[in-house]
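Inspection log for the structure reproduced underneath, given as structure tokens.
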Amino acid sequence: METVILAVVIAVVVLGALGGLVVGSRRKKSLPPPPPAAPDITAPPAEPHVGDEAETPRDEPRRTIEEVDLPDGSAPVVVAEPPAPEIEIPEPTAGRLVRLRARLSRSQTALGKGLLTLLSREHLDDETWEEIEDTLLTADVGVQPTTELVDRLRERVKVLGTRTPDELRGLLREELLKLVGTDADRVVKTEPEDRKPGIVMVVGVNGTGKTTTTGKLARVLVADGRTVVLGAADTFRAAAADQLQTWGERVGAHTVRGPEAGDPASVAFDAVKEGKEMGVDVVLIDTAGRLHTKTGLMDELGKVKRVVEKHAPLDEVLLVLDATTGQNGLIQARVFAEVVDITGIVLTKLDGTAKGGIVIAVQRELGVPVKLIGLGEGADDLAPFEPEAFVDALIGD
């Protein structure tokens, strides 16, 4: 019995010792780190709302309205204005063609000097007269005027007999003047007796220098003491209105323009209206450079004319022709004359390869006079047409 009790006691002691060892080993193991503390988060500053002050107001001395110095009006505020464009003074038109004679004569030697050389031959046989005819036709004089001139020259040379160079030059000058015409009224009509302003419409085919001619004509009128309004009714060509306005600004002429690709008749109407309100002397209307083969565009040109005439009749319709186009220019002239009543012709580029005979041919074709000619690219190279100075330039000194 005692042995059993002793065994039990020993077992209890052993179990107690083993339990202590287990607990001690557990205490020696490292405990997991404690969870990190939540960080302190600072809220961003709130964005200012409508009505909030941008910063904390500071105590500042304030003045009452009685203490504030107000302007007494003695020193007006001056606002700087952009400088006005410099106004040019165009060259006087009187005798302008005479001053440009040398430039014209350089390109016309084929006609005048060629004829003088042929007429100076000792024997004027049929072959020589045929050469004279060819010279005239090559110079774009036209078939009918050429026939008339050759017939008169043959008759007068036969009567004259002996021919000195001076006699031949005088004879040729006289006959050419008859063809060119000295009795036609070549004044550009800009001063109607019963009203203001005079109204001039400029028409022509693309590339003839129509817009440039309109600007140069404005300079001619300003040089003669007239006031001018320009109507930029060429709304189909890019920058045409800018080009015309630049010409106007150089001589102080106001330009009326509309939106690009807008109604040209509306622009023309407004130009005449503003010209009346401003009391100017002349309104110049630049129309689109229409191709004479396009019926719709030609009809549009007729519309511009009808709309303008709701204000007043047109005083001039000037057809601008490129003198270098020869017989093609006559075809253009014919078609334009069917749409609007052409009253005068402006021949440009006579300083180049043009032949002077186109002056005679186009007058015969339309039955209207050449009133202006262009002799270069300069701003004052548009000259009133003077038959005597023109013929003198053709035949030379």
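The values are calculated or read from the model by the stated rules, or taken from the named source; none is laboratory data. Since this is a predicted model, take the numbers as computed values, not measurements. Heads up, the Cβs are rebuilt from the backbone with ideal geometry, glycines too, and the neighbour counts pull from every protein chain shown. With ligands, DNA and RNA removed, areas are computed over all heavy atoms of the protein, side chains included. Shrake-Rupley method; radii C 1.70, N 1.55, O 1.52, S 1.80 Å.
Taken together, the residues in the stretch 376-394 that are crowded, with 22+ Cβ neighbours inside 10 Å and under 24 Å from R169 (Cα atoms) amount to 4.
Okay, residues lined up against (1) of a type outside the set (D, E); (2) within 30 Å of L217 (Cα to Cα); (3) at pLDDT below 70:
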position	(1), (2), (3)
S74	yes, no, yes
V77	yes, no, yes
A84	yes, yes, yes
P92	yes, yes, no
Q108	yes, yes, yes
T146	yes, no, no
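Pairs meeting the criteria (first residue in the stretch 165-179 and within 18 Å of T117 (Cβ to Cβ), second residue outside any helix (DSSP H, G or I) and among the polar types (S, T, N, Q), beta carbons under 7 Å, at least 6 apart or on different chains) are P165/S120; L168/S120.
Say whether the condition of being at pLDDT 85 or above, among the hydroxyl-bearing types (S, T, Y) and touching a helix residue (DSSP H, G or I) at 6+ places or on another chain (Cβ under 7 Å) is met by at least one residue in the stretch 324-344. No, the conditions are met nowhere in the stretch 324-344. Whenever a residue of the stretch 201-215 is farther than 13 Å from E377 by Cα, its partners that are among the hydroxyl-bearing types (S, T, Y) and at pLDDT 90 or above, lying with C-beta atoms within less than 6 angstrom and at least six residues away or across chains, give the pairs V202/T214; V203/T287. From the list L366, L297, L350, L284, pick out the single residue that is open to solvent by less than 10 Å² (accessible area, probe 1.4 Å) and under 30 Å from G142 (Cβ atoms). The conditions single out L350. The single residue among L153, L137, L171 that is under 25 Å from P387 (Cβ atoms) and in contact with a Gly (Cβ under 9 Å, 6 or more places away or on another chain) turns out to be L137. Scanning the stretch 143-160 for residues that are over 15 Å from Q363 (Cβ atoms) and not hydrophobic (A, V, I, L, M, F, W, C) turns up T147, D151, R152, R154, E155, R156, K158. Restricted to helices (runs of 4 or more DSSP H) entirely inside the stretch 143-240, those with at least 1 residues that are surrounded by fewer than 19 Cβ atoms within 10 Å (Cβ to Cβ), over 26 Å from the mean Cα position of the chain (by Cα) and on the phi < 0 side of the Ramachandran plot are 143-160, 165-180.
Exactly one residue out of L284, L375 is over 30 Å from L179 (Cβ atoms) and of a type in the set (A, V, I, L, M, F, W, C): that is L284. Give the residues of the stretch 125-142 that are open to solvent by 10 Å² or more (accessible area, probe 1.4 Å) and under 23 Å from Q363 (Cβ atoms), sorted by residue number. Result: E133, D134, T135, L137, T138, D140, G142.
Within the stretch 241-268, being part of a strand (DSSP E or B) and either among the β-branched types (V, I, T) or open to solvent by less than 30 Å² (accessible area, probe 1.4 Å) (or both) holds for T255, V256. The set of residues in the stretch 304-341 that are open to solvent by 20 Å² or more (accessible area, probe 1.4 Å), among the hydrophobic types (A, V, I, L, M, F, W, C) and over 25 Å from I358 (Cα atoms) comprises V307, L314.
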